[in-house]
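For reference, the structure discussed in these notes is given below.
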Amino acid sequence: MSDNVTSIISIIAQPLATILGALLVVIGAPLFYFKQKEYETIRHRYLDDGIAVIIRQVEYVLDVFQYNWARSIHLLKTYRDLGINTPPELYNSGFISIDKPISLEASRHYLLREIIGDKVFFTNYLQHFFTKLTIYLQSTCAQRYA
């Protein structure tokens, strides 16, 4: 009789284990999928979009700086070659100014700081932001009062 009971339990346990495994997959897969989807959405929203905006602003300012640097070098060479006969209008034209003040994007930096746990990006960005702001204000005042 005990052999019959163990064989019946064995016969019932095999399909029951398969059904239990399938049930775990049916319940667990959507939970895992939605958790992964939420992670990807948060990463895209805060990291990818936030960093992309910050990078775009830094690249813009660097491009303006590099162009103006090359223009300055060209003017120095012109002055070296022509000396005092260099036309003064060359010094006031040909430079690119930052056409609009660059926004601080503090919310993106805050989210980035909270996600990575360090404020290194925000600290460096503030230094560059205030440098850009100072240059912008100086150029605006120079144009207005020149």
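The values are calculated or read from the model by the stated rules, or taken from the named source; none is laboratory data. The shown structure was predicted, so the numbers you read here are calculated from the model rather than taken from an experiment. No Cβ is skipped: glycine too gets one built from the backbone with ideal geometry, and neighbour counts run over all protein chains shown.
The table that follows gives values for the structure above.
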{"quantity": "Selected residue (only one of THR86, THR41 is more than 30 Å from TYR125 (Cβ to Cβ) and of a type in the set (Ser, Thr, Tyr))", "calculated": "THR86"}
{"quantity": "Near pairs, Cβ below 7 angstrom, 6+ apart or cross-chain, from the range 63-83 (over 18 Å from LYS132 (Cα atoms) and of a type outside the set (D, E, K, R)) to any residue that is surrounded by 10 or more Cβ atoms within 10 Å (Cβ to Cβ) and modelled with pLDDT under 85", "calculated": "LEU75/LEU90; LEU75/TYR91; THR78/THR86; THR78/LEU90; TYR79/THR86"}
{"quantity": "Residue within the range 37-52 that is exposed (fewer than 10 other Cβ atoms within 10 Å of the Cβ), of a type in the set (Lys, Arg) and over 30 Å from LEU133 (Cα atoms) present", "calculated": "no"}
{"quantity": "In the range 77-128, residue modelled with the highest pLDDT [restricted to those that are among the basic types (Lys, Arg) and part of a helix (DSSP H, G or I)]", "calculated": "LYS77"}
{"quantity": "Top-ranked residue of the range 1-44 - restricted to ones that are polar (S, T, N, Q) and under 45 Å from the mean Cα position of the chain (by Cα), ranked as modelled with the lowest pLDDT", "calculated": "THR41"}
{"quantity": "Residue in the range 63-76 that is among the hydroxyl-bearing types (Ser, Thr, Tyr) and at pLDDT below 80 present", "calculated": "no"}
